[in-house]
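The values are calculated or read from the model by the stated rules, or taken from the named source; none is laboratory data. Worth saying up front: this structure is predicted, and the values here are computed from it rather than measured. Cβ coordinates were reconstructed from backbone atoms using ideal geometry, including for glycine residues, and neighbour counts include every protein chain displayed.
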Amino acid sequence: MINPSDIQIEALPWLTLNAKNAFPRQPAIYFAIDSQGIVQYIGRSSDPKQRWRNHHRYDELNQIGNIRVSYLFTDEEILPVVEAALISWFSPALNVIGIGPMSPSELQTTPSSSGGSTIRWKLHHIMFDRNIKNGDLAEATGFHTNTISKLKNLREMPNRLEKKTLDGLCRALNCKVSDLLEYEEDEPKEDSSDSSKEE
């Protein structure tokens with residue numbers, strides 16, 4: 001396993017951000033580094049050139065200016081583990097930190113009661129319409145693959161949906177919160193106990 005403290009960023013091969021068409025096509029962890037040598041973003045891909053054709057962080061990094069993208073080549077099967085360790089070590093400003101597998105309690109939904117309301121969760125619709133796979137969204141957000149899978153399978157908003165989760169999804173999907181959530185008021189049911197009495 002790679003030890004993050006042993007990595008010498010300045011010794012890694014790199015290209016400028018604008019040279020994305022020349023990025024490598026073999027499995028790698030990539031580091032977006034600014035002119036001060038600060039790591040602004042870390043990601044992973046089995047094909048960095050393909051990944052950066054439409055990367056969700058490109059515009060932000062381009063605005064920072066003078067970004068170079070360095071590469072750490074490694075085996076594809078350990079990319080997620082290495083990426084998580086490096087994000088934890090470097091804490092890049094543009095990464096979503098601390099999104100691991102969600103616990104069952106975090107993914108619970110509250111059944112709606114009669115006369116109440118429901119907040120619909122529409123991630124599955126967006127992913128279906130855009131033909132987005134779980135792994136692709138996990139890579140784009142930095143979230144754990146299990147988290148994406150569970151969130152996709154929900155139909156109502158989880159009880160504990162954190163702002164950083166919504167922010168990560170909206171950025172990766174280039175959508176608004178209203179695209180993911182929909183308020184729906186339930187139709188009230190008549191109370192049979194209030195039947196009228198004859199005099």
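Any idea which residue in the stretch 31-56 is surrounded by the most Cβ atoms within 10 Å (Cβ to Cβ), counting only those that are touching a residue at least 40 places away in the same chain (Cβ under 8 Å), over 17 Å from residue 135 (Cβ atoms) and not hydrophobic (A, V, I, L, M, F, W, C)?
Within the stretch 31-56, the match that is surrounded by the most Cβ atoms within 10 Å (Cβ to Cβ) is 41.
Identify, please: which residue in the stretch 67-81 is touching a strand residue (DSSP E or B) at 6+ places or on another chain (Cβ under 8 Å) and without any contact (Cβ under 8 Å) to a residue 60 or more places away in the chain and is, among those, surrounded by the fewest Cβ atoms within 10 Å (Cβ to Cβ)?
Only one residue fits best here, namely 73.
Which count do you get for residues in the stretch 123-136 that are in contact with a Ser or Thr (Cβ under 9 Å, 6 or more places away or on another chain) and within 21 Å of residue 161 (Cβ to Cβ)?
So the first thing to find is which residues in the stretch 123-136 are in contact with a Ser or Thr (Cβ under 9 Å, 6 or more places away or on another chain), and the list is 134-135.
Checking which are within 21 Å of residue 161 (Cβ to Cβ) leaves us with 134.
Residues in the stretch 123-136 being in contact with a Ser or Thr (Cβ under 9 Å, 6 or more places away or on another chain) and within 21 Å of residue 161 (Cβ to Cβ): 1 in total.
I need a count of the residues in the stretch 88-136 that are within 17 Å of residue 174 (Cα to Cα), at pLDDT 75 or above and part of a loop (DSSP other than H, G, I, E, B).
The number of residues fulfilling the criteria is 6.
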